[in-house]
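Reviewing the structure listed below.
What follows is calculated from the coordinates using simple rules that are stated; it is not laboratory data. Predicted model, so just to flag it, every value in this text is computed and none were measured. Neighbour counts are summed over all protein chains in view; Cβ atoms, including those assigned to glycine, are modelled from backbone coordinates with ideal geometry.
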Amino acid sequence: GAERASFTTRPTASAAAYDAYLRGRHFFARATPAGTRGALEMLDSVLHYGRQALAIDSGFAGAWGLLSNYHRIKAVRDSRASWAIEADSSLQLARRALALDSTIGDAWAAEGIQGFYYDDDWEAAKRAYQRGIRLSPSDPALRNFYAIYLGEVEGQLDSAIAVARQATELGAETIYLNTLGDLLMRARRYDSAIPVLKRAVETDPSVPGPQLRLITSYERTGRYGDAVAARRAWRGDAAAPFARGLAEAGEAGYRRALEVELRARIDTVARFVGSLREYPRDTLPPIPETRLALLYGQLSEWGKATDWVLREYQRRPKRLRLWLTHPDMQGLRSDPRFQALVGKEGLRL
């Protein structure tokens, strides 16, 4: 019924406004994946075309939703921006879009993201995603975010994978393929994750997330030669230590090179965390702590991983739940400090 109604609804009476909106969505899709080169320049184009669409038709709900998306991504991509201000702008613009048209998927996604990523209000996030999917069933982003919620918050990996597949059927963008690949990895279905992640890489080779997950999937299936080839295709000469280590000492040599890389990444993120001291900590998302905990987890240094989980907990205690559902972080459970926090929050190991 909702799909049938959408075919008879004109989002705007202006072809020029709709053209500007589509151009803005094009740049938004390209700018969204983490680590994309030129993302800030593409976000500038999103803002330009969104404003252009609204200058032609101020009642165009989809364009308000597009600007909501712009502020949401700017909050986490632009280190010069105020995260709290951008996040609030995104939510307010989403609500303006919904006041004009309750079927705007971008706006429901913003409501869900507010609950999931900013407020740690899991139930609010779930309600927003589910309602958005009912009202905008052909929106792939809503299903993508709902799949992440199911996998990361509820740990329902089979359901999450099914919803993520629906997202990739509705839109074959890199970001949706990356989510499906990640969920398959969480379910230890690496042989299924590999072709999905290869598609993601082929769709946009500049995005780091699918590249890293593809390499990790090769490593976890013992396909170190393929991992080296994937590294070489992505990073060129940076793959040399891995190729050399594999040639000289097999898996052990490859893993020594991997440890060197992980420690270098830890140093980079730790320096970034140090540079944030001048900013109010409660206005920043918990991305650095999460990354450092995950990196130490890959090294099986669970005491240090727990250190960073504890730092995250000081600001965002409800996010402890996400560590319980993460299949690669089960080593945290051996630390008495983590066990104590789980009991304090009324959760179960």
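At a glance:
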{"read-out": "10 Å beta-carbon shell around residue 125, net charge (K/R +1, D/E -1)", "value": "-3"}
{"read-out": "Three-way shape label, segment 178-243, alpha-carbon gyration tensor, a/c 1.5", "value": "oblate"}
{"read-out": "Segment 12-107, Cα convex hull volume normalised per residue, Å³", "value": "81 Å³"}
{"read-out": "Inter-label distance, nm, simple model (7 Å from Cα along the C-beta direction), residue 220/residue 206", "value": "2.9 nm"}
{"read-out": "Neighbour net charge for residue 13 - beta-carbon separation under 15 angstrom, K R +1, D E -1", "value": "-2"}
{"read-out": "Separation in nanometres of the label points that stand 7 Å from Cα toward Cβ, at residue 344 and residue 96", "value": "4.1 nm"}
{"read-out": "Calculated log₁₀ intensity ratio I(q)/I(0) where the Debye formula runs over C-alpha points of segment 285-349, q = 0.17 Å⁻¹", "value": "-0.48"}
{"read-out": "Hits among lysines - C-alpha to C-alpha of residue 126 under 27 Å, sequence gap 8 or more where chains match", "value": "74, 318, 344"}
{"read-out": "Quarter of the Cα convex hull surface for the chain, i.e. its orientation-mean projected area (nm²)", "value": "17.8 nm²"}
{"read-out": "Whole-percent pair-distance distribution, where bins are 10 Å wide, for the alpha carbons of segment 54-192", "value": "13, 39, 35, 11, 1"}
{"read-out": "Phi-based couplings in Hz for segment 58-71 (Karplus 6.51, -1.76, 1.60; Gly and Pro marked x)", "value": "5, x, 7, 4, x, 5, 5, x, 5, 5, 4, 4, 4, 5"}
